[in-house]
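Presented below is the structure to which this report refers.
Please treat every number below as a calculation from the coordinates, not as lab data. Everything quoted here is computed from the prediction, not taken from an experiment. Note that each Cβ is placed from the backbone with ideal geometry, even for glycine, and that neighbours are counted across all protein chains shown.
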């Protein structure tokens, strides 16, 4: 079984690997510039890209730098569930009760566990959602003995060096030479910005329809292409929105995803030296959120052995250097068994934060 999944990457052609890595690592380059950067003929690049897209090897998302629009907090919530209730049954219960919240931007589950990514205007909104979540879970009998664990990361007090960044893990499994200075994660800029009514509408349209070009979005929103293009360029230049490409990890043969909650020693909390060491940012890490005493790392691996070889040295380093308050709490998810409760969706929280009516 593990050999079969690994073969999904090894059986891809050289050009398929090259183009997929390029799309994920350099999402802001247009096709012509990316083809040149990869050393491919433009026609060859377009043919391979179309094949990868048609076969659902990647998708595109546009992420708003939401802290500049008025949101104060990012939170990861993970939960252990009653194993007597299947993940499918749980999905039927929660999709219309919990996953409907605008603040919840991504949610997945597997057997008796699950986690979600959340963005909110303030701490009160996170608490309100978590209270409703606990009540819903309890009433349906799907909550095990423990409450959901909510780990909050106020943007002003936190650092998010990776956020839905798949370039390192993909490059590490395909031999792609990834630039060391590649920008990753959430920009730390929290300066508030004021948008006009039309810019707010364009922002919402961009994050809700990340695959659309300017012409398609103009038709969709009933606005001129000039306004769409001008607003988009302004948002990109001012770092208000970033584009990411998400590879299909199941199709590529990745079998294990993990969520690790690291609690740092109160006498030796997270410091610049640890962040600079790269210990917390191995190639497998696709999301890393940190604050002084807490860290959440979400990672992807080909199989359990891959996980063991990459995760163990990190834990050993933290333990040997007295960074840990306790051993990290790591939940392992089998990717083929995971169910997406709510796919990546930033549109609803943008609409709520910007108070956009009539959408």
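Considering helices alone, the calculated mean residue ellipticity of the chain at 222 nm is -12000 deg cm²/dmol, with DSSP H runs of length four and up weighted by -39500 (n - 2.57) and normalised per residue. Distance between the modelled labels on residue 275 and residue 95, one decimal in nanometres: 3.9 nm (7 Å Cα→Cβ projection). Classify region 169-236 from the C-alpha gyration tensor, please: rounded if a/c falls under 1.5, else prolate or oblate depending on whether a/b exceeds b/c. Note, shape of region 169-236 comes out oblate. With the cut-off at 1.5 for a/c, could you classify the chain from its C-alpha gyration tensor as rounded, prolate or oblate? Because its axes are fairly even, with a/c under 1.5, the chain counts as rounded. At q = 0.11, 0.13, 0.21 Å⁻¹ the log10 of I(q)/I(0) for region 157-311 amounts to -0.59, -0.77, -1.26, computed by Debye summation with a single uniform scatterer per C-alpha, solvent ignored. Shape class of region 264-359 from the alpha-carbon gyration tensor: oblate, with a/c at 1.5 or above and b/c at least as large as a/b.
Maximal additional length on extending the residue 44-residue 196 stretch stands at 50.6 nm, based on 0.36 nm per residue less the C-alpha distance. Ranked by the mean number of other Cβ atoms within 10 Å per residue, highest first, peptides 32-40, 293-301, 195-203 order as 293-301, 195-203, 32-40.
Dividing the mean sequence gap of close Cα pairs (under 8 Å, 6+ apart) by how many residues the chain holds gives a relative contact order of 26 percent.
In plain terms, the chain from residue 13 to residue 131 could stretch by 37.6 nm, reckoned as 0.36 nm per residue minus the Cα-Cα distance. Comparing mean-square fluctuations of 149, 47, 97 from a GNM of the chain with C-alpha springs under 10 Å, the top value falls on 47.
The stretch between residue 239 and residue 182 holds 19.0 nm of extra length on full extension. This uses 0.36 nm per residue minus the Cα-Cα distance.
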